[in-house]
Amino acid sequence: MKADRFRALARSPLTLCGATLLVLLVLFLQAQDPGWAAHLSTDVGVYAQRIAVFFRNGAWAQLQENEYQPGALFFFLVPGFVAQRGLSLLESFFLVNAVLIVLHVAVLWVAGGRLAAWGALVLFSAAGPIGIAAGIKVYPLV
């Protein structure tokens, strides 16, 4: 009887939405820990330098000592454009990555079934806050 109730909960899109929000909250709270936040803020600082080069030159040609592939560089621009709308770059990275996590879970729910969606949540949880790059307000960028 209890197993049937658990299966019914696991099949519910509402339960999955709640679990996704819980995972995002846990990742955000982990990102506030100084042990994580220092590393995350450093990463976002490097991304900010890449974004600034592109916004200044309209291309990546002037970028010195780049370790990122073009796809990653263009991804960095998305939070850069969001940050121009009033958020900090750290908050923009969190927002963009949170939306991507939600979209991943939703697509997996539809295309791969509930097991794929729940598995993705487990993997996002295991990866830790590096997936959202948001050491917000612990170590400011500026």
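Between Ala59 and Gln84, the distance separating the two model label sites (each 7 Å from Cα on the Cα→Cβ line) works out to 1.9 nm. Taking all protein chains as they are arranged and a probe of 1.4 Å, the heavy atoms of Leu103 leave approximately 100 Å² accessible to solvent.
Comparing Ala19, Ala52, Pro70 along the charge dipole axis of region 1-121, the residue lying farthest to the positive side is Ala19, per the Cβ-charge model. A simple count of charges around Leu77, restricted to other residues whose Cβ falls under 15 Å of its Cβ and scoring Lys, Arg +1 and Asp, Glu -1, yields +3. When a 1.4 Å probe is rolled over the protein heavy atoms, the share of accessible surface on the chain that falls to carbon and sulfur comes to 68 percent. Counting only protein chain heavy atoms and rolling a 1.4 Å probe, the accessible areas of Arg56, Arg85 rank, largest first, as Arg85, Arg56.
Ordered from highest to lowest accessible area with the whole protein assembly present and a 1.4 Å probe, Ile51, Ile130 read as Ile130, Ile51.
If R0 equals 30 Å, the separation of the Cβ atoms of Asp43 and Ala106 corresponds to a calculated FRET efficiency of about 0.70.
Among the DSSP helices (H) of the chain, those spanning at least 24 angstrom by Cα along their long axis with an average Kyte-Doolittle hydropathy of -1.0 or more are 13-32, 34-57, 89-111; this is a geometric and hydropathy rule only.
The values are calculated or read from the model by the stated rules, or taken from the named source; none is laboratory data. This one's a predicted model, so the numbers in the text were calculated from it and none came from an experiment. Neighbour counts are summed over all protein chains in view; Cβ atoms, including those assigned to glycine, are modelled from backbone coordinates with ideal geometry. In case anyone asks, the SASA skips ligands and DNA or RNA and just uses the protein heavy atoms, side chains included. Shrake-Rupley method; radii C 1.70, N 1.55, O 1.52, S 1.80 Å.
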